[in-house]
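Please read the structure below before turning to the comments.
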Ligand code: GDP
């Protein structure tokens, strides 16, 4: 899987907004779309995973990999609690983008503001998903306004709902200018685009104008096409939207009801289209231990290896499962590795990729990706792993500005 096809994302929400339901829907749709290959049974039975499996699809890992279209999405568990703990900060540090889930009834609650500010601190590009459109009291446009007022973000609906509460029927996709209909016979796992009904055309055009107006501030090409009354190509809209989402000058807003299987697949498409790939940030700062100076590592597989351990889970059989986000280079199963913080040499016995209901053994993990290392004894969260000949420490990094350009 090429690095440009990876998305490391978190799903952030205040409690009860629907983070769990949305995540489960994502795993359901991605599981359906991807036929799992060889499943490695492994000699080590992971009891905690088996228990979870019996309860159905759910997230049990600190990072769960799934596949949507031709991309690999690593969902990093972002703790829901609101205090500024090292754990929350560390999970925000290792992800490249996030989906912020809001309740269409509750809107922006004080807790959401805290989570939002944490993500601001780490400059995490985001999409918003306004969930629970089927609930009594759901009001999409009010929540969009609240996001602007309370979070000081620039929400930009790229869809609007058709109806609300029990009358919530579908969405209008403002980029394609089509209605989105879910297929109820398929548990909503597929959707189709239809022509917009006459009675909704004014509403759709008004919000489409808003979309083009906001985007034209960032693109002369869009402005010129608009002024000349010409069609604005979909891929131009999408590429400006992607750039400005990554720059965090725009927050694309999606809408749906995860409980009713509505609107989650377009969010998956949005993750791929608008949230950054690991390589959208070109370099990462690290402390070169021997020279005692800050250096820049290229976030490519050709660079010296570096990875941050962001979570450790204990397994009865396998011992420590160390979740690592690799920033540069490559780590191989069965090879030695340096823990730069502990100044100790360790060994990567096995490398695992965690899925929602199984794990698979992999031979290597490269820049931009996430995996579990089995076999390290001294590692703690926050430690950097690297090669012995090139010891670096990634902790205490500031996040650089993303460097991307519209194609
Ligand atoms: P979390 O605390 O953010 O993980 O929220 P959950 O996913 O556990 O959802 C909280 C409650 O809201 C549960 O009772 C869900 O069934 C319910 N819920 C989640 N999504 C929706 C939705 O789209 N519509 C409605 N009506 N209820 C929902």
Condition check for residue 240: closer than 30 Å to residue 165 by Cβ and touching a residue at least 24 places away in the same chain (Cβ under 8 Å): no
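Could you pull out every one of the strands (runs of 3 or more DSSP E) wholly within segment 246-321 that has 2 or more residues that are at pLDDT 90 or above and out of contact with any helix residue (DSSP H, G or I) (no Cβ under 8 Å at 6 or more places or on another chain)? So that I can check it myself, show each step before the final result.
Working: elements: 251-255, 283-288, 293-298, 306-315.
Strands (runs of 3 or more DSSP E) meeting the threshold: 283-288, 293-298, 306-315.
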Just name the residue that is surrounded by the fewest Cβ atoms within 10 Å (Cβ to Cβ) out of those in segment 383-407 that are out of contact with any strand residue (DSSP E or B) (no Cβ under 7 Å at 6 or more places or on another chain) and modelled with pLDDT of 90 or more. 389
Residues in segment 4-20 that are buried (at least 17 other Cβ atoms within 10 Å of the Cβ), more than 16 Å from the ligand (Cβ to nearest atom) and assigned to a helix (DSSP H, G or I): how many? 0
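How many of the residues making up segment 342-373 are farther than 25 Å from residue 31 by Cα and crowded, with 20+ Cβ neighbours inside 10 Å? Let's see the steps before the verdict.
Just the residues of segment 342-373 that are farther than 25 Å from residue 31 by Cα, to begin with: 342-349.
Then drop every residue that is not crowded, with 20+ Cβ neighbours inside 10 Å, which leaves 348.
Residues in segment 342-373 being farther than 25 Å from residue 31 by Cα and crowded, with 20+ Cβ neighbours inside 10 Å: 1 in total.
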For segment 289-327, the count of residues that are under 20 Å from the mean Cα position of the chain (by Cα) and over 21 Å from residue 1 (Cα atoms) equals 3
For residue 55, are the conditions met, namely being surrounded by fewer than 16 Cβ atoms within 10 Å (Cβ to Cβ), within 15 Å of the ligand (Cβ to nearest atom), at negative phi and at pLDDT below 50? yes
In segment 246-284, the residues that are closer than 17 Å to residue 329 by Cα and either within 16 Å of the ligand (Cβ to nearest atom) or surrounded by 17 or more Cβ atoms within 10 Å (Cβ to Cβ) (or both): 277, 278, 279, 280, 281, 284
For residue 80, the lone unmet condition from (1) at pLDDT 95 or above; (2) surrounded by fewer than 24 Cβ atoms within 10 Å (Cβ to Cβ); (3) in contact with a strand residue (DSSP E or B) (Cβ under 8 Å, 6 or more places away or on another chain) is (1)
Please tell me if residue 120 is within 14 Å of residue 100 (Cα to Cα), surrounded by fewer than 19 Cβ atoms within 10 Å (Cβ to Cβ) and away from the ligand (no atom under 15 Å from the Cβ). yes
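Of all strands (runs of 3 or more DSSP E) completely enclosed by segment 325-375, which ones contain at least 3 residues that are touching a strand residue (DSSP E or B) at 6+ places or on another chain (Cβ under 7 Å) and closer than 15 Å to residue 394 by Cβ?
On the way: elements: 330-332, 336-339, 344-347, 350-354, 359-362, 364-366, 370-374.
It comes to 336-339.
The values are calculated or read from the model by the stated rules, or taken from the named source; none is laboratory data. In this text the structure is predicted, and so the values were computed from the model without any measurement. In this analysis, Cβ positions are derived from the backbone assuming ideal geometry, glycine residues included, and neighbour counts consider all displayed protein chains.
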